[in-house]
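All remarks here apply to the structure that follows.
The values are calculated or read from the model by the stated rules, or taken from the named source; none is laboratory data. These numbers were taken from a predicted model, which means no experiment stands behind them. In this analysis, Cβ positions are derived from the backbone assuming ideal geometry, glycine residues included, and neighbour counts consider all displayed protein chains. These accessible areas exclude ligands, DNA and RNA; they are computed on the full protein's heavy atoms, side chains included. Shrake-Rupley method; radii C 1.70, N 1.55, O 1.52, S 1.80 Å.
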Amino acid sequence: MIRFIFTIAVLLIFSGGLTAQENQRMQQDRPYDADFSRPQKLGFGAGLSLNRYAGDLQDGSNFPGAETDWGIGGNIHLLWRFADAGDFATLHLLGRFAYSPVSSSHSGRPQLSYEYSDDLLHFIAGLQMQFFPEYDLRPYAYAGFGFLSFSPTLSPPNFAKNSTGDVSGTMTLPLGVGLTWTISERLDFFAEFMKTLTFTDEMDNWVSEDNDNYNMVTFGLTFYLDDRKEAVQPAAPVAVVPKDSDGDGLTDEDETSIYNTDPFNPDTDGDGLSDGDEVLIHKTDPTLRDTDYDSLTDGEEINTYGTDPLVKDTDGDGLVDGEEVLTYGTDPLNPDTDGDGLTDGDEVHIYGTDPLNPDTDGDGVNDGREVRDGTDPLVVDVLKIEESGDVVLEGINFETNSAVITPDSETILRMALNTLRTNPDLRVEIQGHTDDVGGRNMNQDLSERRANAVREYFIERGIDGDRMTARGYGLDQPLVPNDSPENRQRNRRIQFRVLR
């Protein structure tokens, strides 16, 4: 690891010394309409990475409150450009070897406490697409296949579920996005995020419903071999005075022979941008009102909404800019208009929630929190808790003269359980109350046993017992007079008293 970090530092120092004069010479030598900012085809490099495990032994439904750390690793890669798609993109073959340490731990109840770590070795072969190759700053995405070797270390050693421990490797599906920057004639800097999907659930020796995976954020350098032929310098052009009849910044000759625009109309497509601004500044199509086909004209995107006329979804939330402005009324520059932790696209296409309302079902918990906690953001499935006061849990019933909860109580108990999970700082007193049938001592004992039965229900489903106290009040605090069977039914109740 020390040698790897030292190598990266040397490359950065070397690139810094070359950047100023080499980049200046590279820009001078490059013709204004050059196809590629990076003309070389073959490159190799290395990077430092932050790695985070995303499997069963982490914060989730199995181990609420688990801590998953970012580990520092490294990788080397080889990159070869083999094809291009004009000015839109170039295609590259990618080979990579990555060392990715991961770890997580849980210090909750003794039966759930563990420490997990592993040193992952990952071999990857994939296809990378770099967009807008004529620019020094280029976004890219890649996908491929790989093989992941793992050997988990668990403490305690027998902390496993449904796993034989015999699996030590798996095929993978790595998916990544990133940004590469040409900083000198032969050197690129890149930053990327990679999500690795695996075909096994035994990376951590804990088998449940979903396969394990891990995430990697990498910063590194790519050094290119100079395989270009010496460029032939064009002859010096004959000085001419170009004519621009409509004053749009493009010569009449360029408009007719290159851009197919009207040399006597400064805005050929009528989108609110001059032909010259479209070609020279915004890189949009001067003959097309809506270059990115998002239902907004290029002029509206630049002058009204501030969106990118070359990108259909400027904020990357899964909704095209035109849908946000014209259909949903959301902000095309903000991926989460209502600030509830869900992108506008996820709210519309996945969860069916209102991207303009942080709490679609109005139950007091925002949509993002409900999705993370496993409750339904479209259904009132939690109790509406005020900062103080009592909440009667209507529907919790018991067998006659018993503290055994009947099955028909499950709906209200599940809502109360969701409320405690969604509000981790909530502290309550669980109160048991009875009617006036029977003696005082008998009712006092019955109310205490019923309150404790409800408390045990929540503890068995993962709620910390320190957050709840149970107390019986017997027949002393009726809601209504005990003068009818209906009123006695109301007085036989369980209720929450909010303590904090």
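Filtered by the rule that a residue be more than 19 Å from K312 (Cβ to Cβ) and of a type in the set (A, V, I, L, M, F, W, C), the stretch 239-295 gives A239, V240, V241, L250, I258, F264, V279, L280, I281.
Within the stretch 113-123, take every residue that is open to solvent by less than 40 Å² (accessible area, probe 1.4 Å) and over 23 Å from the mean Cα position of the chain (by Cα) and give me the one that is nearest to N75 (Cα to Cα). Once the filter is applied, the top-ranked residue is D118. Residue-level analysis places L420 among those that are assigned to a helix (DSSP H, G or I), out of contact with any Gly (no Cβ under 7 Å at 6 or more places or on another chain) and open to solvent by less than 80 Å² (accessible area, probe 1.4 Å). In the stretch 424-446, the condition of being assigned to a loop (DSSP other than H, G, I, E, B), among the hydrophobic types (A, V, I, L, M, F, W, C) and in contact with an Asp or Glu (Cβ under 6 Å, 6 or more places away or on another chain) is met by no residue. With respect to being of a type in the set (S, T, N, Q), open to solvent by less than 30 Å² (accessible area, probe 1.4 Å) and part of a loop (DSSP other than H, G, I, E, B), T353 fits the description.
Sub-8 Å Cβ pairs linking a first residue in the stretch 238-255 that is more than 16 Å from L280 (Cβ to Cβ) to a second residue that is modelled with pLDDT of 90 or more and in a helix (DSSP H, G or I), at least 6 apart or interchain, are K243/D252; K243/E253; S245/D252, ordered by first then second residue. Note on the stretch 124-181: among residues that are hydrophobic (A, V, I, L, M, F, W, C) and part of a loop (DSSP other than H, G, I, E, B), the one that is surrounded by the fewest Cβ atoms within 10 Å (Cβ to Cβ) is V167. You will find that of T360, T406, T400, the residue that is without any contact (Cβ under 8 Å) to a residue 60 or more places away in the chain and crowded, with 16+ Cβ neighbours inside 10 Å is T360 and no other. Of the residues making up the stretch 237-256, at least one is within 30 Å of E185 (Cβ to Cβ) and in a loop (DSSP other than H, G, I, E, B).
If the condition is being open to solvent by 50 Å² or more (accessible area, probe 1.4 Å) and either among the hydrophobic types (A, V, I, L, M, F, W, C) or under 21 Å from G462 (Cβ atoms) (or both), then the stretch 423-446 contributes N423, P424, D425, R427, V437, M442.
Give me the residue from the stretch 310-328 that is among the acidic types (D, E), in a loop (DSSP other than H, G, I, E, B) and surrounded by 22 or more Cβ atoms within 10 Å (Cβ to Cβ) and, out of that set, nearest to the chain's Cα centre (by Cα). Ranking the candidates gives D317 first. Checking the structure you have, find out if any residue of the stretch 200-209 is out of contact with any strand residue (DSSP E or B) (no Cβ under 9 Å at 6 or more places or on another chain), free of Cβ contacts under 8 Å to residues at least 24 places away in the same chain and within 30 Å of E115 (Cα to Cα). Taking every residue of the stretch 200-209 in turn, at least one turns out to be out of contact with any strand residue (DSSP E or B) (no Cβ under 9 Å at 6 or more places or on another chain), free of Cβ contacts under 8 Å to residues at least 24 places away in the same chain and within 30 Å of E115 (Cα to Cα). Here I76 clears all of (1) at pLDDT 95 or above; (2) closer than 29 Å to E209 by Cα except the condition numbered (2). Restricting attention to the stretch 447-475 and to residues that are free of Cβ contacts under 8 Å to residues at least 24 places away in the same chain and open to solvent by 20 Å² or more (accessible area, probe 1.4 Å), the residue that is farthest from the chain's Cα centre (by Cα) turns out to be E456.
For every residue, the table says whether it meets (1) open to solvent by less than 50 Å² (accessible area, probe 1.4 Å); (2) at positive phi.
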| site | (1), (2) |
| --- | --- |
| K243 | no, no |
| G247 | no, yes |
| T251 | yes, no |
| G270 | yes, yes |
| S274 | yes, no |
| H282 | yes, no |
| D294 | yes, no |
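Taken together, the residues in the stretch 294-309 that are in contact with a Gly (Cβ under 8 Å, 6 or more places away or on another chain) and in a loop (DSSP other than H, G, I, E, B) amount to 4. Note on the stretch 199-225: residues that are assigned to a loop (DSSP other than H, G, I, E, B), within 30 Å of L78 (Cβ to Cβ), open to solvent by 10 Å² or more (accessible area, probe 1.4 Å) and of a type outside the set (V, I, T) total 3.
What do you reckon, is I72 β-branched (V, I, T), crowded, with 16+ Cβ neighbours inside 10 Å and in contact with a strand residue (DSSP E or B) (Cβ under 7 Å, 6 or more places away or on another chain)? Considered against the rule, which asks whether it is β-branched (V, I, T), crowded, with 16+ Cβ neighbours inside 10 Å and in contact with a strand residue (DSSP E or B) (Cβ under 7 Å, 6 or more places away or on another chain), I72 comes out as no.
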